[in-house]
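Q: Here it is: the structure, laid out below.
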Amino acid sequence: MNNNFEEFLYNQLNKQQQKAVTNKNGTILVIAGAGSGKTRVITARITHLILNENVEPHQLIALTFTNKAAKEMRERVSSFLGDTQLLPFVGTFHSYCLQILKRNSHLLAHPTFSIFDADDQHKLLTDILKRSNSNQKITPRNLAYTISYIKNNLTLDEGSSVFDAYDPIVKEMFHVYEEEKRACNAFDFDDLLLEVVRLFKNQPEFKKRFNNTVKHILVDEYQDTNIVQHLLLNQMSKDKDGKQTADSVCVVGDEDQSIYSWRGATVENIQNFEKDFLKTHVIKLEQNYRSAKPILDVANHIISHNKNRHKKNLWSNKKGDNCIRFFTFSSEYQEGDFLSSFLEISKEEHPLSSNAILYRNHFQSRSIEEALIKKSIPYKIIGGIQFYERKEVKDLVAYMRIAVNPFDRVAFFRIINCPPRKLGKKFEEMCLEMWQQEPFLTFEQILQKLLLSNDLKKMYKSSVEKFINLFKSIDRDASPKQIAKEILDKTDYFEYLFEHYEKTEAQQKVENINELLKAIDFFERDGIDNLSAFLDHVALLQKQSTHKDDKKDKVQLMTLHAAKGLEFETVMVVGLEEGILPSTRSMESQEAIEEERRLFYVGITRAKDRLILTNSRYRTTYGQTTDQLPSRFLDELPSKLVENESCVFKTSYEINYTISNWLNIPQPENKFSKIVTFGRPTININQFSKNNAAPSLTGAWKINQPVKHTTFGMGLIKKVEKKSESKTYLTIKFKIGQKKIDAKFITKA
């Protein structure tokens, strides 16, 4: 008996954790709340079974979802056992199923088989679609995603009805793909699980041998399993009559953290587990070792609005006071400025890396990144790419660059085949060779020379001419927004995205393009109103955002999905508005809304000491300012625990004072007293004084005079037009942009 392990078991685990570890036999469902130590429970259970219950390692398997999680679990078990030879199988579903297939290859139709990776699958599907003339109807990438989704939801008893929800072409391509894959004696990754399930169903001797050998099964993150994985567990642990053969089946998970339905996860697996496995002993891990109690109280209150779940109440010995704030801003720009100010002030006492900014969609990072860049706050995007480095953003910017600078070879070669124009590498090599010979020619002149030469195939000429004409029709003197929209229209860029990317990814890319258009709108209102100036501004942002430094202390930016499994001292969940969180696409069903609520819950429970929630009253899209409805989830917050503060009409000095006061971090006297954040760039309030204000008057109104509007908030007068004795129009620069308004609707600030 290992004394170190015994000390750990009885002194390092709480009573509920000990129950989950020491119950040798039976079916156990461990509902492990966020931060409740589920990994230590799984690894301790494996160790206990081997050391204290004399279970042979080959009688035990532990399945999880990622190689990273499996590695961590193996290392923890190994640290207790001290002998790697005693380690049982601890790994992913796919790696275990591959091991089974290799060991039992004689039972397969083809004992020698290959594994198709994503590239192999893509090449085969590309060829199939091309031969069937279906490549204009569906892309290989979309087809691969659909095939995988279908396979992950198969029960093996279903007939053609499984395809009823799909276009007939999907059914046809699915069967062609399966036939050609079989002809190659190959499996894809989804087949690994399906083939093992088939072995259990069709090979009784194999099933009997397995059931007699494997007596203890553990599964981590059970809320993320799909239909096939649930079916696999049934086959592993029960005989053909449904009687349990395994001495113990222990699954660990939390349906409140099930957020991956879009990739096949079925939350019903854990919700209905007790119906599929009778006499299940449910153990709830409710003590949280991560978050302050008020943060957990808010999380409990939010998730209680989901109906179909195992009720639990997270609690913690970690005290906290005044650790949750909800801020409302006039726009996403003020929101970004607030976040950067908070980080600038808090970094005096807390590392930047202890902070995370979480958002629902990748496009939301743009205004936040710009605010951080403006204040030189280093940041890192987890599981994503910085906004101005995203492919779709760089594509559109490249079109705009070459419209300004026809000598820009990098931009030219980026876009000549994007969207695809059937101009291959050989064509690009011809362009490059001629350009090297004629370095003072523009891209249009190079292409014209190729059109006149005999080197260019006829099939290329039409595409080349269309590309040239696209730029001939662009008015370089038009606004950046007009040029961008014209490029998008003439290249059918949005259609290209939906044809070449899986639907969810394509939608994200469209959202990023729309966010770029919104940025162009904002820059134009700030005086960056010609294409050259806009591109210069973007280039500076790209340079600053991609500037490599050795600073390890960086604030973390990521989506709520990417945050699962992580923890931070301070968490900021931004954009709590209808259509963002919950997302527009979730409005169709109650199940989807519940998953959005789980996503919010995951974000909240990442926070250890401090939680910031934000939303904006207005957002600007295509030059139109829209009212944003607060997220329905905000109505579910317990008001006694969350202090709500509106910053819509606050100056930056007032906001910084609010932050400093909350954090109890004194700031140097008058550090922010000269800045008022009505919009960007920031405005010196001294310009409003009698000595510095512009004396231009029209009636009672002054240029640069601060004023208020009931909807648009604080602003500065930029132009006064007196039409008559009773009618005056004011052009006012607000936070959300410039507006021309009848003076009778304006009051002095």
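Q: Using a 10 Å cut-off on Cβ atoms, rank the peptides 439-448, 136-145 from the highest mean neighbour count down.
A: Numbers: 439-448: 15.9, 136-145: 18.2.
Highest-to-lowest ranking by the protection proxy: 136-145, 439-448.
Q: HN-Hα J couplings of the range 364-375 from phi, Karplus 6.51/-1.76/1.60, θ = phi - 60°, integer Hz, Gly and Pro as x?
A: For the range 364-375, the Karplus-derived couplings read 5, 6, 4, 5, 5, 4, 5, 5, 5, 4, 4, 9 Hz, x marking Gly and Pro.
Q: Right, here's the next one. Please compute the Kirkwood hydrodynamic radius over the chain, one decimal place, Å, based on all pairs of different Cα atoms.
A: On the way: mean 1/r = 0.0336 Å⁻¹.
Kirkwood hydrodynamic radius for the chain: 29.8 Å.
Q: So, with +1 on the Cβ of K and R and -1 on the Cβ of D and E, and no other charges, what is the size of the charge dipole of the chain about its Cα centre, to the nearest 20 debye?
A: It works out to roughly 1340 debye.
Q: Once you have the Kirkwood Rh of the range 47-166 from its Cα pairs, apply Stokes-Einstein at 10 °C and 1.306 mPa s and quote D in µm²/s.
A: Approximately 88 µm²/s, per Stokes-Einstein.
Q: What accessible area, in Å² to the nearest ten, does a 1.4 Å probe give for Tyr260?
A: Near enough 30 Å² of accessible area.
Q: Suppose the chain between Thr39 and Lys740 were pulled fully straight at 0.36 nm per residue; how much longer would it get relative to their current alpha carbon spacing?
A: Values: separation 701, 0.36 × 701 = 252.36 nm, distance 5.97 nm.
Taking Thr39 through Lys740 to full extension adds about 246.4 nm, to one decimal.
Q: Given a cut-off of 17 Å, what percent of all Cα-Cα pairs of the range 478-539 lie beyond it?
A: Considering the range 478-539, 44 percent of its Cα-Cα pairs are separated by more than 17 Å.
Q: Taking 0.36 nm per intervening residue step and subtracting the Cα-Cα distance, what contour gain separates Lys503 from Arg476 on full extension?
A: 6.4 nm
Q: Further question on the same structure: Return the whole-Å distance between the Cα centroid of the range 246-300 and the Cα centroid of the range 546-613.
A: If you average the Cα positions of each part, the centres end up 20 Å apart.
Q: Starting from the amide H of Leu576, placed 1.01 Å from N in the peptide plane, find each other amide H under 5 Å away whose residue is 5 or more places distant or on another chain.
A: Residues meeting the criterion, in which the H sits 1.01 Å from N, are Thr614, Asn615, Ser616.
Q: Now for a separate question. Using modelled amide H (1.01 Å from N, peptide plane; none on Pro or chain starts), what sits under 5 Å from the amide H of Phe187, excluding residues fewer than 5 places away?
A: Amide H neighbours of Phe187: Ser114, Ile115, Phe116.
Q: Same structure, new question: Using heavy-atom solvent-accessible surface (probe 1.4 Å) with all chains present, what is the largest-first order of Lys719, Lys481?
A: From most accessible down to least: Lys719, Lys481.
Q: Give the calculated FRET efficiency between His110 and Asn153 to the nearest 0.05, with a Förster radius of 30 Å applied to their Cβ-Cβ distance.
A: Efficiency computed from Cβ-Cβ geometry: 0.70.
Q: With every protein chain left in place, what is the accessible area per residue of the range 121-276 in square angstrom, probe 1.4 Å?
A: 44 Å²
Q: Name the trypsin sites (Lys or Arg not before Pro) in the range 370-418 that are in a loop by DSSP and that have at most 15 other C-beta atoms within 10 Å, would you?
A: Values: sites: Lys374, Lys375, Lys380, Arg390, Lys391, Lys394, Arg401, Arg409, Arg414; in loops: Lys375, Arg390.
Counting only loop positions with at most 15 other Cβ atoms within 10 Å, the trypsin sites (Lys or Arg not before Pro) in the range 370-418 are Lys375.
Q: Another question, if that's okay. Per DSSP H run of at least 4 residues, take -39500 (n - 2.57); add these up for the chain, divide by its residues and hand me the 222 nm value, nearest 500 deg cm²/dmol.
A: -13500 deg cm²/dmol
Q: Please report the net charge: other residues with Cβ closer than 12 Å to the Cβ of Ser291, K and R +1, D and E -1.
A: Numbers: positive: Arg290, Lys293, Lys318, Lys319, Arg606, Lys608, Arg610; negative: Asp297, Glu567, Glu569, Asp609.
Charge balance near Ser291 sits at +3.
Q: Around Phe89, which amide H atoms from residues at least 5 apart in sequence, or from another chain, sit under 5 Å from its own amide H, with H modelled in the peptide plane?
A: Correct list: Leu60, Ala62.
Q: Can you say what percent of the DSSP beta bridges in the chain, counting only those with both residues inside, are antiparallel? Round to 5.
A: Looking only at bridges with both residues in the chain, the antiparallel portion is about 35 percent.
Q: Can you pull the percent of Cα pairs in the range 428-565 with separation above 27 Å? Write down the numbers at each step before the final one.
A: Working: 4414 of 9453 pairs.
Considering the range 428-565, 47 percent of its Cα-Cα pairs are separated by more than 27 Å.
Q: Separate question: Computed from the mean reciprocal separation of all distinct C-alpha pairs, what Kirkwood hydrodynamic radius does the range 228-310 have, in Å?
A: Numbers: mean 1/r = 0.0663 Å⁻¹.
Answer for the range 228-310: a Kirkwood hydrodynamic radius of 15.1 Å.
Q: How high is the FRET efficiency between Lys640 and Asn67 when r is their beta carbon distance and R₀ equals 35 Å, given to the nearest 0.05?
A: For Lys640 and Asn67, the calculated efficiency is 0.20.
Q: Quick one: divide the alpha-carbon radius of gyration of the range 397-453 by 2.2 N^0.38 Å and tell me what you get.
A: 1.05
Q: Something else: Name the residue from Phe174, Leu314, Thr27 whose Cα lies farthest towards the positive end of the charge dipole of the chain, charges +1 on Cβ of Lys and Arg and -1 on Cβ of Asp and Glu.
A: Of Phe174, Leu314, Thr27, it is Leu314.
Q: Could you work out how far helix 443-452 tilts from the main Cα principal axis of the chain, as a 0 to 90 degree angle to the nearest 10?
A: Long axis of 443-452 versus the principal axis of the chain: about 70 degrees.
Q: Related question: So how strong a dipole does the range 286-407 carry about its Cα centre when Lys and Arg Cβ are +1 and Asp and Glu Cβ are -1, to the nearest 20 debye? Don't skip to the end; give the middle numbers.
A: Working: 19 positive and 14 negative charges, 125 e Å.
Here the size comes out at about 600 debye.
Q: Can you pull the percent of the chain's accessible area that's carbon plus sulfur, 1.4 Å probe, other chains left in place?
A: The C+S portion of the solvent-accessible surface of the chain is 49 percent.
Q: What is the distance in Å between the Cα centres of the range 96-150 and the range 379-427?
A: One Cα centre to the other: 31 Å.
Q: Past the 20 Å Cα-Cα mark, which pairs from Lys422/Lys466; Lys24/Lys240; Lys708/Lys733; Lys485/Lys719?
A: Lys24/Lys240; Lys485/Lys719
Q: Given Cβ point charges of +1 (Lys, Arg) and -1 (Asp, Glu) and nothing else, what value in debye, to the nearest 20, does the dipole of the range 459-524 about its Cα centre take? Numbers along the way, then the final one.
A: Values: 10 positive and 14 negative charges, 53 e Å.
Approximately 260 debye in magnitude.
Q: Here's a follow-up. What is the ratio of the Cα radius of gyration of the range 167-256 to 2.2 N^0.38 Å, where N is its residue count, to two decimals?
A: Scaled against compact globular proteins, the figure is 1.32.
Q: If you add up the charges near Glu433, with Lys and Arg at +1 and Asp and Glu at -1, over every other residue whose beta carbon is less than 15 angstrom from its beta carbon, what do you get?
A: 0
Q: With each pseudo-label sitting 7 Å past Cα toward Cβ, what's the Asn417-Asn313 distance in nm, one decimal?
A: For the pair Asn417/Asn313, the computed spacing is 6.3 nm.
Q: Tell me, what is the FRET efficiency for Arg182 and Ser95 to the nearest 0.05, using R0 = 22 angstrom and their Cβ-Cβ distance as r?
A: Details: r = 23 Å, r/R0 = 1.03.
Once rounded, the FRET efficiency stands at 0.45.
Q: Pop a pseudo-label 7 angstrom from the Cα along the beta-carbon direction at both Lys171 and Val282 and give the gap in nm to one decimal.
A: 4.0 nm
Q: I need the phi-derived Karplus couplings for the range 94-106: 6.51 cos²θ - 1.76 cosθ + 1.60, θ = phi - 60°, integer Hz, Gly and Pro marked x.
A: Values, residue by residue: 5, 5, 5, 5, 4, 4, 4, 5, 5, 6, 10, 4, 5 Hz.
Q: Same structure, new question: Give me a comma-separated list of calculated 3J(HN,Hα) values for the range 174-190, in order, Karplus coefficients 6.51, -1.76, 1.60 applied at θ = phi - 60°, integers in Hz, x for any Gly or Pro.
A: Residue by residue, the range 174-190 yields 4, 5, 5, 4, 4, 5, 6, 5, 4, 5, 8, 6, 10, 10, 8, 4, 5 Hz.
Q: Here is a follow-up. Not counting ligands, DNA or RNA, and with a 1.4 Å probe, what is Ser78's accessible surface area in Å² rounded to the nearest 10?
A: For Ser78, the solvent-accessible surface is approximately 30 Å².
Q: Okay, moving on. So if I average 1/r over every pair of distinct C-alpha atoms in the range 104-233 and take the inverse, what Kirkwood radius in Å does that give? Numbers along the way, then the final one.
A: On the way: mean 1/r = 0.0613 Å⁻¹.
Evaluated over the range 104-233, this radius sits at 16.3 Å.
The values are calculated or read from the model by the stated rules, or taken from the named source; none is laboratory data. These figures come from a predicted structure and were not determined experimentally. Don't worry about glycine lacking a Cβ; one is built from the backbone with ideal geometry, like all the others, and counts go over all protein chains shown. The protein model used for the area step is the full one, side chains on, heavy atoms only, and it has no ligands, DNA or RNA in it. Shrake-Rupley method; radii C 1.70, N 1.55, O 1.52, S 1.80 Å.
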